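The structure appears right after this line, and notes come after that.
What follows draws every value from the coordinates through simple rules; no lab data is involved. None of these values were measured; they are calculated from a predicted model. Because the Cβ atoms are built from the backbone with ideal geometry, glycine has one as well, and the counts that use them run over all protein chains shown.
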Amino acid sequence: MQSVSEKLGNAIKLARQERQLTQRELAERLSISPHYLMTIENKEQIPGSDLLFRIIRELNLSADAIFYLNEGFHLFGARTERGKEVLRQRAF
């Protein structure tokens, strides 16, 4: 099972790359240093809640996509069949 920092780092990096943004470009949009963004993507740091919400908003992600990416959720919020099954199981 992946740690929170691994899930966040992987999802953020993938979303950034899908949008063809460099670390520097995204960091500027978030008003953080490129080095700090690199540490998040490399799973060395976990962003605080305020920054995490800004990242989600800037990359147009869903919280589900970040935390359940490897459990069947598509990065951009569209749920796969596996994702739907995970939701059904968690509902009980």
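Electrostatic tally near residue 26: other residues with Cβ closer than 15 Å to its Cβ, Lys and Arg +1, Asp and Glu -1, net +2. Shown for 16, 24, 54: other C-beta atoms within 10 Å of each C-beta, ranked fewest to most, produce the order 24, 54, 16. Between residue 58 and residue 24, the modelled labels are 1.5 nm apart [label points 7 Å from Cα along Cα→Cβ].
For a modelled paramagnetic label at residue 50, 7 Å from Cα along Cα-to-Cβ, the residues of the stretch 2-30 in reach, with backbone nitrogen under 17 Å, are 28-30.
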